[in-house]
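Q: Pasting a structure here, questions to come.
Bear in mind that the values in this text are calculations on the coordinates, not laboratory data. Bear in mind that the values here come from a model prediction, so they are computed numbers and not experimental data. FYI the Cβ positions are ideal-geometry reconstructions off the backbone, even for glycines, and counts take in every protein chain you see.
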């Protein structure tokens, strides 16, 4: 839904669009629209967005914004990420409000998953 002056779309670099697409489909069941070989888009994920072909990656060590997913079962989500080819870059840790971990997907972009369970 488009709302005046609200965040509407987010884009990520991806050096391997095919692997990134497969990863998010396998772990989070995202569906994509292929616009051309260098761009894929997703929707219905809390926000709309896409991946564009680039040799860059989003990582907190570089000052990137961190996109955080929520999970009802942190350990199950972590297992799905590993099985789909993701890498855990920060193991599960406690923080005010719950627990979380950070991972990278096949193109190297860093994300996190948290739970209050």
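Q: If neighbour count is taken as other Cβ atoms inside 10 Å, put 4, 102, 35 in order from fewest to most.
A: Listing 4, 102, 35 from fewest to most nearby Cβ atoms yields 4, 35, 102.
Q: Looking at the chain as a GNM with Cα springs under 10 Å, which of 63, 49, 85 has the largest mean-square fluctuation?
A: Sorting by GNM fluctuation, first place goes to 63.
Q: Same structure again: Hey, of (i) 1.16; (ii) 1.33; (iii) 1.06, which did the structure itself give for Cα Rg over 2.2 N^0.38 Å when calculated?
A: (iii)
Q: Pull out the extension gain between residue 88 and residue 5, defined as 0.36 nm times the separation in residues minus the alpha carbon to alpha carbon distance; nm, one decimal.
A: Full extension of this stretch gives 26.5 nm more.
Q: So, one more: So how far, in whole Å, is the C-alpha centre of segment 89-117 from the one of segment 1-16?
A: Spelled out, the Cα-based centre of one part sits 21 Å from the other.
Q: Quick check: Cα centre of segment 55-79 to Cα centre of segment 18-44, how many Å?
A: One Cα centre to the other: 16 Å.
Q: Sticking with the crude label model, points 7 Å out along Cα→Cβ, report the distance from residue 36 to residue 67 in nm, one decimal please.
A: Reported label-point gap for residue 36 and residue 67 is 2.2 nm.
Q: Now for a different question. Could you tell me how many degrees, from 0 to 90 and to the nearest 10, lie between the Cα long axis of helix 74-83 and the main elongation axis, the longest principal axis, of the Cα atoms of the chain?
A: The helix 74-83 is inclined about 50 degrees to the chain.
Q: Taking the 0 to 90 degree range and rounding to the nearest ten, how far is the long axis of helix 17-28 tilted relative to the main principal axis of the chain, both from C-alpha atoms?
A: Tilt relative to the chain: about 40 degrees.
Q: For the chain, set up a GNM with springs between Cα atoms under 10 Å and report which of 92, 67, 47 has the largest fluctuation.
A: 47
Q: Got a sec? How would 21, 90, 6 order by Cβ neighbour count within 10 Å, fewest to most?
A: Least crowded to most crowded, the residues run 6, 90, 21.
Q: For the chain, what is the calculated [θ] at 222 nm in deg cm²/dmol (nearest 500), taking -39500 (n - 2.57) for each run of four or more DSSP H residues and dividing by its residue count?
A: -5500 deg cm²/dmol
Q: Another question about this same structure. Spin-label point model (7 Å from Cα, Cβ direction): what's the residue 28 to residue 75 distance in nm?
A: 2.4 nm
Q: Also, I was wondering about something else. Suppose we keep just the DSSP beta bridges with both residues in segment 9-115; what percent of those would be antiparallel, to 5?
A: Percent antiparallel among DSSP bridges in segment 9-115 is about 65.
Q: While we're looking at this one, here's another question. Mind checking which of 78, 45, 31 has the largest fluctuation in a GNM of the chain, springs on alpha carbons under 10 Å?
A: 45
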